[in-house]
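Throughout, read-outs are computed from the coordinates displayed, never taken from laboratory work. Model, not experiment: these values are computed from the prediction. Using ideal geometry, Cβ is built from the backbone for each residue, glycine included, and neighbour counts are taken over all protein chains shown.
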Amino acid sequence: MNEDTRGEVVINNESDIIVVRKKVREAATLLNFSLTDVTRIVTAASELARNVFLYAGSGVMKWQTLKSSNTVGIMLSFKDSGPGITDLELVMNDGYSTSRGLGLGLPGSRRLMDDMEITSQVGKGTTIVVKKWRRCY
Ligand SMILES: Nc1ncnc2c1ncn2[C@@H]1O[C@H](COP(=O)(O)OP(=O)(O)O)[C@@H](O)[C@H]1O
Ligand SMILES: [Mg+2]
C-alpha cells in the first residue's frame, strides 16, 4: 500500500456516486478490512456522496489510508460548497430529512464508521470526515 494510498473523486453527477463506491471499495479491500466492514464503509461513503450530490449539487470525496503501529485505517472526506447545515444536532437524528428521504444517511454513517466529524458553515458549505480502523498485530 505504498502507492495509491490516497485519491479523490469529483462528484458532479449521480453516476459519480458509483465511482465513489468503487474507489472506496478498492481502498478498503486493499487494507484487508473484512467483507462486512468493507460493506459498512462503502455504505457510509455512498450516503455521504449522495448527500453532496443532493444538497450541494457537487463536491469532492477524498480518501486516504491511515497507518499507525498496530492499526490501519481509512479516512474519507466529503467537501462541498453547498448551503451548509444550520443545526448539526438536528440532522443527526434518525428520520430527520429536508428532502423526504429516510433521514438515516448521516446518523447511519456515524454508526457504520468509527468516527465522524462535521464542519459546516451556512451559505459556505459542509465537510464531513469519517474514519474506520482495523487492528493488525
Ligand atoms: N452536504 C450537505 N449539505 C447540506 N445539507 C445536508 C448535507 N448532508 C445532509 N444535509 C441535511 O441533513 C439532512 C439529513 O441527511 P441524511 O441523514 O442523509 O437524510 P436524507 O438525505 O435522507 O434527508 C438532509 O435532509 C439535509 O437537510
Ligand atoms: Mg442522505
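Could you pull out the pairs from Lys22/Lys124; Lys62/Lys131; Lys22/Lys132 whose alpha carbons sit more than 23 Å apart here?
With Cα atoms farther than 23 Å apart: Lys22/Lys124.
Determine the equivalent ellipsoid of region 6-135 by diagonalising the alpha-carbon gyration tensor, then write out the semi-axes as square roots of 5 times the eigenvalues, largest first, rounded to whole Å.
Working: eigenvalues 112, 48, 36 Å².
Output for region 6-135: semi-axes of 24, 15, 13 Å.
Mind listing which trypsin sites (Lys or Arg not before Pro) in region 38-137 are in a DSSP loop and have 10 or fewer other Cβ atoms within 10 Å? Present the calculation step by step, with values, prior to reporting the outcome.
Numbers: sites: Arg40, Arg50, Lys62, Lys67, Lys79, Arg100, Arg110, Arg111, Lys124, Lys131, Lys132, Arg134, Arg135; in loops: Arg100, Lys124.
Taking region 38-137 and a limit of 10 other Cβ atoms within 10 Å, the loop trypsin sites (Lys or Arg not before Pro) found are Arg100.
Taking a label point 7 Å from the Cα of Leu102 along the Cα→Cβ vector, which residues of region 26-54 have an amide N closer than 13 Å to it?
It comes to 43-44, 46-48, nothing else.
Among Leu102, Leu112, Val38, flag the residue with its Cα farthest along the positive direction of the charge dipole of the chain, charges on Cβ as +1 for Lys/Arg and -1 for Asp/Glu.
Toward the positive end, the furthest listed residue is Val38.
For region 58-118, taking Cα atoms only, what is the radius of gyration to one decimal and the Dmax to the nearest whole Å?
13.9, 44
Using a Gaussian network model of the chain with C-alpha springs under 10 Å, which one of Met75, Met92, Met61 is most mobile by mean-square fluctuation?
Met92
With runs of 4+ DSSP H residues as the only contributors, calculate the mean residue ellipticity of the chain at 222 nm using -39,500 (n - 2.57) per run, divided by the residue total and rounded to the nearest 500.
Result for the chain, helices only: -9500 deg cm²/dmol.
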